[in-house]
Amino acid sequence: MEITVSRKAHFNAAHRLFNESWSDEKNQRIFGKCNNINYHGHNYELIVSVTGKINPETGYVIDMGELKKIIKQEVEEKLDHKNLNLDLEYFSNVIPSAENICIYIYNLLRDKISKDLDICVTLYETPRNFVKYPPK
Ligand code: NI
């Protein structure tokens, strides 16, 4: 029997949505305010869900203290108070949309959490707009 445990976290970051192969006019038309040349910020909220079997010795799926530490090291320390376009090599050629940020975070965490456990990342870019990876 499997069960899912989740932890919330947050970070603040700036970004600009911009496709360098498009004209300024097209960028403005497609991305609107998100194309602001001097960037703009979001208060990102994150839910990391971990699904697996309960370890009978601990009663845990994962030690939440350990999960907290992994999220702090892999997500908060790398992304908090950063300009995603300028400060993160990964986004030098990937548009830092909520979708792409969510997949980036998933991959950072996936490397650090036991392969016996499934993980899912939900990223809120605003209180009403959020994305989830993997989708199922
Ligand atoms: Ni934005």
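The values are calculated or read from the model by the stated rules, or taken from the named source; none is laboratory data. Bear in mind that the values here come from a model prediction, so they are computed numbers and not experimental data. No Cβ is skipped: glycine too gets one built from the backbone with ideal geometry, and neighbour counts run over all protein chains shown. Heavy atoms of the whole protein, side chains included, go into the accessibility calculation; ligands, DNA and RNA do not. Shrake-Rupley method; radii C 1.70, N 1.55, O 1.52, S 1.80 Å.
What to note about this one:
- Test result for Glu76, closer than 30 Å to Trp22 by Cα, more than 16 Å from the ligand (Cβ to nearest atom), of a type in the set (Asp, Glu) and open to solvent by 30 Å² or more (accessible area, probe 1.4 Å): no
- Among the residues making up the stretch 12-21, those that are within 14 Å of the ligand (Cβ to nearest atom) and open to solvent by less than 60 Å² (accessible area, probe 1.4 Å) are Asn12, Ala13, Ala14, His15, Arg16, Leu17.
- Scan of the stretch 87-130 for residues that are more than 16 Å from the ligand (Cβ to nearest atom), hydroxyl-bearing (Ser, Thr, Tyr), open to solvent by 40 Å² or more (accessible area, probe 1.4 Å) and in contact (Cβ under 8 Å) with a residue 24 or more places away in the chain, ordered by number: Ser114
- Residue match in the stretch 15-22 (condition: under 15 Å from Leu123 (Cβ atoms), out of contact with any Asp or Glu (no Cβ under 6 Å at 6 or more places or on another chain) and assigned to a strand (DSSP E or B)): yes
- When restricted to residues that are in a strand (DSSP E or B) and in contact with a helix residue (DSSP H, G or I) (Cβ under 7 Å, 6 or more places away or on another chain), the stretch 44-96 contains 3.
For (1) open to solvent by 40 Å² or more (accessible area, probe 1.4 Å); (2) within 16 Å of the ligand (Cβ to nearest atom), each residue gets a yes or a no:
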{"position": "Ser23", "(1), (2)": "yes, no"}
{"position": "Asn27", "(1), (2)": "no, yes"}
{"position": "Asn43", "(1), (2)": "yes, yes"}
{"position": "Gly59", "(1), (2)": "yes, no"}
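- Residue in the stretch 32-41 that is in a loop (DSSP other than H, G, I, E, B) and away from the ligand (no atom under 16 Å from the Cβ) present: no
- Residues located in the stretch 45-57, provided they are open to solvent by 80 Å² or more (accessible area, probe 1.4 Å) and either under 23 Å from the mean Cα position of the chain (by Cα) or within 16 Å of the ligand (Cβ to nearest atom) (or both): Glu45
- A count restricted to the stretch 54-74 and to residues that are farther than 30 Å from Asn12 by Cα and either of a type in the set (Asp, Glu) or in contact with an Asp or Glu (Cβ under 6 Å, 6 or more places away or on another chain) (or both) stands at 1.
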